[in-house]
Amino acid sequence: MPKKEIAIKHATIISVYLLVVWGFYRFLFKLPEEIEELLIKPVLWLGPVFYFLKREKKGLNSIGVTSKNLFPAIYYALFLGVIFAIEGVLVNVVKHQTVNFSANIGDKVMLIALGLSLATAISEEITFRGFIFNRVWHALDNPLSANLITSIVWALVHVPIAVFWWKLDVAGMAGYLVLTTVFAIGSSFVFTRTKNVTSSILLHVLWEWPIILFR
């Protein structure tokens, strides 16, 4: 089978797997966030990635785990991260009529909350930008098309948590999906510029705070 067909096949399998398995997981379970992000998610998300990497006989550099373009990766992430941070502050002000950063963090220490965000970002960005987007991009040879396709899948994967955990209403769901899709497009954009998943991971951490505040 040609390499491009293998790439799109593996990206499709993991996408469908996440839509089904992760969707059912969100419906059936609600474990403490520490257990989910540090144990469950790395197994369920990264497990299939490393399985297919072994099948493809490729290394970590094929999913953007590299030291190349590290500084540009940081610069791109910080630039878009500032935009997301401003967005988060505005959403917070609209929702709470003030800037209340502790509104949805609960009683977690800030450093612990940041650590969990980093753990989430590593699992999700290596899976989505490093593996799925990277392979769809390779197969289609069109970064824009690959970006739009994988960003839609990314948004769909995040629907179950909004429905089963946060129980958002229609307006809340619409706003959340827009915010999620915009992030995915931005994350894929920085990845195409650097081919280093560090950019997407860092941007994800910066993006999660507007999501927390939006919630």
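The values are calculated or read from the model by the stated rules, or taken from the named source; none is laboratory data. Just so it is clear, the structure is predicted and the values come from calculations on it, not from any experiment. All Cβ positions, glycine included, derive from the backbone under ideal geometry; neighbour counts span all protein chains shown.
Check VAL49, VAL43 and return the single one that is loosely packed, with under 14 Cβ neighbours inside 10 Å, within 17 Å of the chain's Cα centre (by Cα) and closer than 19 Å to GLY130 by Cα.
Every option except VAL43 fails the conditions.
So SER102 ticks every box in (1) within 20 Å of GLY175 (Cβ to Cβ); (2) modelled with pLDDT under 65 but one. Which box is left unticked?
If we test SER102 against (1) within 20 Å of GLY175 (Cβ to Cβ); (2) modelled with pLDDT under 65, just (1) comes out false.
Evaluate the following for VAL170: is it free of Cβ contacts under 8 Å to residues at least 40 places away in the same chain and more than 22 Å from LEU78 (Cα to Cα)?
Here the answer is yes, as VAL170 does meet what is asked.
Taking ILE126, is it at pLDDT 80 or above, assigned to a helix (DSSP H, G or I) and either touching a Leu at 6+ places or on another chain (Cβ under 8 Å) or among the charged types (D, E, K, R) (or both)?
yes
Give me the residue from the stretch 157-169 that is assigned to a helix (DSSP H, G or I) and modelled with pLDDT of 90 or more and, out of that set, surrounded by the most Cβ atoms within 10 Å (Cβ to Cβ).
VAL157
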